[in-house]
1. Identify, from the list B:LEU11, B:LEU45, B:LEU74, the residue that is at pLDDT 95 or above and within 11 Å of the chain's Cα centre (by Cα).
2. Just wondering, is there one or more residues in segment B:83-103 that are surrounded by 13 or more Cβ atoms within 10 Å (Cβ to Cβ), more than 14 Å from chain A (Cβ to nearest Cβ), over 26 Å from A:LEU33 (Cβ atoms) and more than 14 Å from the chain's Cα centre (by Cα)?
3. If you check B:SER93, B:SER59, B:SER65, which single one turns out to be among the polar types (S, T, N, Q) and part of a loop (DSSP other than H, G, I, E, B)?
4. Is there a residue in segment B:59-68 that is of a type in the set (Asp, Glu) and closer than 30 Å to A:CYS23 by Cβ?
5. Right, B:THR5: in contact with a strand residue (DSSP E or B) (Cβ under 8 Å, 6 or more places away or on another chain) and at negative phi or not?
6. Among (1) surrounded by fewer than 17 Cβ atoms within 10 Å (Cβ to Cβ); (2) farther than 27 Å from B:VAL12 by Cβ, which single condition is B:ASN50 missing?
7. So is B:LEU43 in contact with a Lys or Arg (Cβ under 9 Å, 6 or more places away or on another chain) and surrounded by 20 or more Cβ atoms within 10 Å (Cβ to Cβ) or not?
8. Do you know which residues across segment B:58-82 are within 12 Å of chain A (Cβ to nearest Cβ) and surrounded by fewer than 19 Cβ atoms within 10 Å (Cβ to Cβ)?
Amino acid sequence: AQSVTQPDIHITVSEGASLELRCNYSYGATPYLFWYVQSPGQGLQLLLKYFSGDTLVQGIKGFEAEFKRSQSSFNLRKPSVHWSDAAEYFCAVGVYGGSQGNLIFGKGTKLSVKP
Amino acid sequence: ETGVTQTPRHLVMGMTNKKSLKCEQHLGHNAMYWYKQSAKKPLELMFVYNFKEQTENNSVPSRFSPECPNSSHLFLHLHTLQPEDSALYLCASSQGYQDEAFFGQGTRLTVV
C-alpha cells in the first residue's frame, strides 16, 4: 500500500539557518511527489512537485527538493529560513496515474522559526 | 486567494443537526475533491468528482453525502455526525485529473 512518512513532527530552526524536512514514501511504481505548505487557518499551497526528469526540483519561496529513488526519499530544503516560513509542511504522493488531487499525505512537519 | 472558496469557515453543529459545506471554484476546473484533516492524522481524501461525476469514494460513512451540481460547485451534506467527525474539511480543484490541485481555506467543523 502507498504511504508517506514524515519522521519529524516538529522542527525548530533559527532564522537564517538552513532547513531540511524529511519525507519517505512507499509506492510500487514511479511516484509523483509533492510538497505543500499550510499556514495556520489556511488551506494548502503547493511548493513544488516531481513527476520525472531532473531529480532536483525547484519550487516557490526558495524551496527545493531532491528525489532519491534508492532511498525512497523526497526531502525538502531551504538554504536560509525566514520567519514567514513558520508553518506546517506536508509531503504527498500522487496515485492513480498522477492525479494531482488524489493524494496520499504524510502527517506533516510543523516548522517553528526562532528569531 | 487561491480561487477556491469554502463556506462557512467555521461551523458548530449538534449530532442531530443537518448542515452543508459549500465549495466554489472560479478557476474553470473540471475536477473537485473533499479532504478531511483531523488532528494528528494525515489528510484523508474523501471524495473525487471529475466532470460532475463521482469517481472516488474512500469508504466514507453515509452520514457524509457529497453533491456536485456543476463543475464550479461542490457540497458536502452532513447529518447525524459524531464528535469524532470534528475536523478541518478542505476542498480542492484541478483543471484535469493530472493537473495541479488548488485548495480552499477549509471549513473548521466542530460536532457537539
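The values are calculated or read from the model by the stated rules, or taken from the named source; none is laboratory data. Because the structure is a prediction, the values reported are computed rather than measured. Backbone-built Cβ (ideal geometry, glycine too); neighbour counts: all protein chains shown.
1. Numbers: B:LEU11 fails: within 11 Å of the chain's Cα centre (by Cα); B:LEU45 fails: at pLDDT 95 or above.
Result: B:LEU74 is the single residue among B:LEU11, B:LEU45, B:LEU74 that is at pLDDT 95 or above and within 11 Å of the chain's Cα centre (by Cα).
2. no
3. Details: B:SER93 fails: part of a loop (DSSP other than H, G, I, E, B); B:SER65 fails: part of a loop (DSSP other than H, G, I, E, B).
So the residue among B:SER93, B:SER59, B:SER65 that is among the polar types (S, T, N, Q) and part of a loop (DSSP other than H, G, I, E, B) is B:SER59.
4. Going residue by residue through segment B:59-68, those that are of a type in the set (Asp, Glu) are B:67.
Next, from what is left, pick out any that are closer than 30 Å to A:CYS23 by Cβ: none.
No: segment B:59-68 contains no residue that is of a type in the set (Asp, Glu) and closer than 30 Å to A:CYS23 by Cβ.
5. Working: in contact with a strand residue (DSSP E or B) (Cβ under 8 Å, 6 or more places away or on another chain): yes; at negative phi: yes.
The answer is yes for B:THR5.
6. In the conditions (1) surrounded by fewer than 17 Cβ atoms within 10 Å (Cβ to Cβ); (2) farther than 27 Å from B:VAL12 by Cβ, B:ASN50 misses (1) alone.
7. Working: in contact with a Lys or Arg (Cβ under 9 Å, 6 or more places away or on another chain): yes; surrounded by 20 or more Cβ atoms within 10 Å (Cβ to Cβ): yes.
Considered against the rule, which asks whether it is in contact with a Lys or Arg (Cβ under 9 Å, 6 or more places away or on another chain) and surrounded by 20 or more Cβ atoms within 10 Å (Cβ to Cβ), B:LEU43 comes out as yes.
8. From segment B:58-82, those within 12 Å of chain A (Cβ to nearest Cβ) are B:58, B:74; that's our starting set.
Across segment B:58-82, the qualifying residue is only B:ASN58.
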